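For reference, the structure is listed below as structure tokens.
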Amino acid sequence: MRQANGHANGHANGHANDHAKSNGAMKSTAQTGGQVAGTDHTRWRMKDDRGTQTWHYLESDEEVKAWPQSTADKWYLGMDTELPDLSPAKTPLQAIHNGLAFYKELQQPVGNWACEYGGPMFLLPGLIVTWYVTETPIPWHHKAEMKRYLFARAHPEDGGWGLHIEGETSVFGTAMNYTALRLLGVDAEDARMQKARATLWKLGGALKAPHWGKFWLAVLGVLDWDVVNPVPPELWLLPNWVPIHPWKWWVHMRTVFIPMGYIYSQRWSYPLNDLTKSLRSELLVQPYESITFIRHRNDISPMDNYHPKSLALRILFWFLVYIWFPYLRPASLKKKAEDHAWWIIQREDANSDFANLGPVNGPLNTLVSYIRQGPESVPFRRHLETLPEFLWIKDEGMLMNGTNGVQNWDTAYTIQAVKHCGLLQDPQYHDMLHRALEFLEDQQIPEECRDQHQTYRQSRKGAWGFSNRRQGYTVSDCTSEGLKAVLTLQTLPEFKALVPDNRLRDAIDILLTMQNKSGGCASYEPTRGSEYLEWLNAAEVFGRIMIEYDYPECTTAVITALHVFQKYDSSYRADEIAAFKARALDYIRAAQQEDGSWYGAWGICFTYAGMFALESLACAGETHANSERMRRACQFFLDRQMEDGGWGETYRSCETGVWCNHAESQVVQTAWVVIAMCHAQYPDKEPLRKALEMVVRRQQSNGEWLQEAIEGVFNKSCMISYPNYKFIFPIMALGMYKERFGDEELF
Ligand code: LAN
């Protein structure tokens, strides 16, 4: 397997033990091959204001003095955390305490855990193009660190970039990141740029980019709009019953489609200047003037073509390009469609306080506000203020996160990890847990969206989202994990009941809306459209994006949340809850594959989904002893256990749907399997002991674990990092093993 970088996931966070003691910036610059001047990493601070996270660079010594760098900041930046060495762990409990001693120091004062959420390599360029075309100045320190990051993440051999940090070089990755570096001021004759360019040319140049790449380059004025397949905003004007109406699409697709449609409809481009003119010759293999752009709409490099466009979509595009736009579309309809798109955008901005659903529609909405209302307008200004919430800095430089953080998700999971260790009532963790509870209380979404139905939004009052309350999107499993975490803590005498019953019930009301006919649950909403909509998937680089699907992960979260709630309050909507659970469990059973496994959509891959599915089955009383399903699932894992006791699969499992062994076992995936087997009440201690021996041997003397391969995924083809998983899941696995087999020495 080729990797985009010398190391799997950067040594993103961690390696306190072998880390240079002094200035993080100097160390990282050396690590990444030098040449790009960085900033002084001792001057970066992360501010967490009720879950709104932003990075600040302190330029004066006074500021530095007044705002000391936290341990968490140092860890994010890959600097020495200076946390002490602890007595070496031999038993699960010792390893848990050591792990928590470190991890607890990473908690933010407001109660949540934070971390880098990088991996995708197509996000930062969208932001940089948006800043460039709106002539937004970029602070020098951001610029410097973004350059460092992009160079650090270039492929060591061919100098290009992939779709994500571990992916193979693609036209999308290379054309976009090359462009981003040029917009950040890097010279075209820089040796690394020459190398990247040669690679891009070998792949056929920017004409071979997928749809989203062509779109951004058209915005920049480097490609002609004719090369971009249509994004017709008038689809929003169709009656709701039409099967392809965008309200039925997966929420990420439709919220990206709205501003893209607006910009496409306007064919808005930045006026040509020397730089963009030069980019035309740098990114294209043939002279710009000689190209008939309209003929290259469907040109795409094989490296980028994960989901080739269907014949139906190509015919639809042909009709739109050659008939609809030139001959049929009345100007009044264009205006109506654009006005409507703008109206929805304004609602999305208002309902998320400009945080926006994600890092793609955030910059796009910014650009629409600029086009529509100008550089001085309030919406545009507000967008500029919130966009930095997507930025993150680490040892390698500055990147754009996949969301505006992981706040609720990692915090809810942390509480549950401690629960599985039986340590919720241990006074040394009281303060940490209390603050985590306070955070979750504060982040439950208190009200419905404005114009909820006209904007096709799912209910959200009582929900938790993945990141923070401001972003404001219900997620089925985030609501479930939030609810479980809250109930787990506040039903203990040591904690106050911060979330009152009516709000717990609101969360249940939300969950009860989330079930599909199949019994399964999807991510943000129940599935709205038919799977045939995948024929309209124009993004090429992603799979299964057009609609919501059933996920064993999300379904399990809901099942277990309902289960926990039933024990707490057996009267509220009891029959509906029971029926929901029964149907959801049937879905989980049906989703098991022949070989005993489940395919994971949000973590890599079978190890991740297996952990959830077995928790569901355990909830229904199935065990290794009484269930053939459980036995098959355990056997699937046993057959794949590695020499050293661990498990490891690569991201190729997600792309191909077939288990792909990693060259090395992975701490996080090993923990997932141990958790799964504990849920199954697997009777034989030995394979699990051996697995945890490996996990504990990899624990550092200060209690932390180091970053290994990337953990998460979305849309089958794009990987994303979950750096806190290396604490949460080993701790949870050690806890569950200890509860089951006792606290004897592991080795
Ligand atoms: C996420 C992150 C969290 C994730 C879980 C909660 C883990 C999952 O169980 C449900 C789905 C969800 C909420 C999820 C959906 C897709 C996201 C938002 C992401 C993987 C993070 C980034 C990704 C988003 C789509 C990235 C932007 C790219 C586009 C193609 C629009």
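The values are calculated or read from the model by the stated rules, or taken from the named source; none is laboratory data. No experiment lies behind these values; they were computed from the predicted model shown. Ideal geometry is used to build each Cβ from the backbone, glycine not excepted, and the neighbour counts take in all protein chains shown. All accessible areas refer to the heavy atoms of the entire protein, side chains included, with ligands and DNA or RNA removed. Shrake-Rupley method; radii C 1.70, N 1.55, O 1.52, S 1.80 Å.
Using only the alpha-carbon atoms, how far is helix 92-103 inclined from the longest principal axis of the chain? Give it as 0 to 90 degrees, nearest 10. Helix 92-103 sits roughly 40 degrees off the main axis of the chain. Accessible area per residue for the chain, computed on protein heavy atoms with a 1.4 Å probe, is 34 Å².
Helix 191-202 against the longest principal axis of the chain: what's the angle in degrees, Cα atoms only, rounded to the nearest 10? Helix 191-202 sits roughly 80 degrees off the main axis of the chain.
Using Cβ point charges alone (K and R +1, D and E -1), the dipole size of the chain about the Cα centre works out to roughly 1720 debye. Between helix 667-679 and the chain, what is the angle of the helix's C-alpha long axis to the longest principal axis, kept within 0 to 90° and rounded to the nearest 10? Value to nearest ten degrees: 50.
Summed over qualifying helices (DSSP H, 4 residues or more, each -39500 (n - 2.57)) and divided by its residue number, the chain shows a 222 nm mean residue ellipticity of -14000 deg cm²/dmol. Heavy-atom accessible area for PHE637, with the other protein chains in place and a 1.4 Å probe, reaches approximately 10 Å². Label point of LYS517 set 7 angstrom out along Cα-Cβ; within segment 225-262, no amide nitrogen lies under 13 Å from it.
Show me the trypsin sites (Lys or Arg not before Pro) within segment 451-553 that DSSP assigns to loop and that have at most 14 other Cβ atoms within 10 Å of their Cβ. Those satisfying the criteria are LYS496, LYS517.
When a 1.4 Å probe is rolled over the protein heavy atoms, the share of accessible surface on the chain that falls to carbon and sulfur comes to 53 percent.
Residues SER571, SER269, ordered by accessible area of protein heavy atoms at a 1.4 angstrom probe radius and largest first, appear as SER571, SER269. Approximating the spin labels as points 7 Å out from Cα along Cα→Cβ, the ARG50-to-THR656 distance works out to 4.9 nm. The figure for ASP353 is an accessible area of roughly 60 square angstrom, using a 1.4 Å probe on the protein chains alone. Tell me the relative contact order for the chain as a rounded percent, counting alpha carbon contacts under 8 Å between residues six or more apart. Value for the chain: 18 percent.
For ILE300, neighbours were defined as the other residues whose beta-carbon sits under 11 Å from its Cβ, and their charges (Lys and Arg +1, Asp and Glu -1) total +1. The relative contact order of segment 106-186, computed from alpha carbon pairs under 8 Å that lie at least 6 residues apart in sequence, is 34 percent.
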